[in-house]
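Have a look at the structure below before the remarks.
The values are calculated or read from the model by the stated rules, or taken from the named source; none is laboratory data. On a predicted model such as this, the values are computed, not experimentally measured, just so you know. Here the Cβ positions follow ideal geometry from the backbone for every residue, glycine too, while neighbour counts run over all protein chains shown. SASA here: full protein model, heavy atoms, side chains in, ligands and nucleic acids out. Shrake-Rupley method; radii C 1.70, N 1.55, O 1.52, S 1.80 Å.
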Amino acid sequence: MQKHDSVPLPDYQEYPLAEMHERSTAFLENVSRRHSVRSFSSRTVPQEIIEQCIKAASTAPSGANHQPWHFALIGSDSVKAEIRLQAEQEEQRFYGEKRGGEAWLNALAPLGTDASKPYLEKAPWLIAIFAERRGGVEKGMEHKNYYVAESVGIATGILITALHNAGLVALTHTPKPMGFLNKICNRPDSNKAYILMVVGYPEIDATVPQHALIKKSLDDITTYL
């Protein structure tokens with residue numbers, strides 16, 4: 001192995017087996033209550049809570065530790081309105097003009113989605129997540145980043161879980177194309193819009209599609225060798 005600077009593992013904590021079982025079961029029960037919703041309350045959420053969740057996401061592993069992600073935290077009503085306008089224009093092409101193709105539209109049908117996205121304005125926060133093609137371990141670096149999609153995907157998963165753990169709901173929204181987010185969020189061309197996340201409290205009458213509650217069993221998703 002190539003020589004490199006290192007420090008002792010600083011903060012790993014081992015648990016007794018019984019506690020490991022308890023913690024893994026408790027986490028499963030908690031995360032099983034996470035659901036994507038499309039009906040958000042306008043109730044305010046303190047910015048510090050969202051920032052803490054973003055900091056949690058930033059602990060994700062990444063290629064060469066370049067941390068190739070950027071989170072644009074959007075609370076401005078005018079910016080949210082512009083994002084909704086641009087997103088719905090793209091969604092109208094996807095749904096109205098059927099640019100997504102029949103197979104994709106048929107797959108989405110059980111979820112009841114369409115081109116209307118009022119939650120983009122109503123929810124207190126939007127988080128535009130960008131994947132940075134160039135960067136480095138320090139801000140301002142211009143090195144090539146590696147395993148960008150994989151790294152940003154892991155960070156996004158941690159962010160979703162952190163938001164849920166904080167008592168909030170989130171929706172991952174991916175209008176295609178998403179280039180308009182670069183202009184609105186003032187991000188360079190070397191950034192690729194990855195996901196637009198809607199964050200807040202659920203509306204009192206929020207529902208979840210029955211289709212979304214279908215989860216594959218452990219046997220369906222696991223192979224033992």
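Scanning the range 35-51 for residues that are in contact (Cβ under 8 Å) with a residue 24 or more places away in the chain and exposed (fewer than 14 other Cβ atoms within 10 Å of the Cβ), which turns out nearest to the chain's Cα centre (by Cα)?
Here is the first cut: in the range 35-51, the ones in contact (Cβ under 8 Å) with a residue 24 or more places away in the chain are 35-45, 47, 49-50.
So of that shortlist, the ones also exposed (fewer than 14 other Cβ atoms within 10 Å of the Cβ) come out as 42-44, 47.
On the way: S42: 20, R43: 20, T44: 20, Q47: 17 Å.
Looking at residues that are in contact (Cβ under 8 Å) with a residue 24 or more places away in the chain and exposed (fewer than 14 other Cβ atoms within 10 Å of the Cβ), I get Q47.
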Would you please name the residue that is farthest from the chain's Cα centre (by Cα), looking only at residues in the range 1-34 that are touching a residue at least 60 places away in the same chain (Cβ under 8 Å) and assigned to a loop (DSSP other than H, G, I, E, B)? R33
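Would you mind listing the helices (runs of 4 or more DSSP H) fully within the range 91-207 where at least 3 residues are in contact (Cβ under 8 Å) with a residue 12 or more places away in the chain and out of contact with any Phe, Trp or Tyr (no Cβ under 6 Å at 6 or more places or on another chain)? Give the derivation first.
Values: elements: 102-108, 119-122, 148-165, 180-184.
Result: 148-165, 180-184.
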Within the range 52-87, residues more than 17 Å from the chain's Cα centre (by Cα), surrounded by 14 or more Cβ atoms within 10 Å (Cβ to Cβ) and in contact (Cβ under 8 Å) with a residue 60 or more places away in the chain come out as G63, A64, H66, V79, E82, Q86
Of the residues that sit in the range 208-218 and are within 20 Å of the chain's Cα centre (by Cα) and assigned to a loop (DSSP other than H, G, I, E, B), which one is farthest from V31 (Cα to Cα)? P209
Residue check for E121: at pLDDT 95 or above, under 19 Å from T59 (Cβ atoms), open to solvent by 60 Å² or more (accessible area, probe 1.4 Å) and in contact with a helix residue (DSSP H, G or I) (Cβ under 9 Å, 6 or more places away or on another chain): no
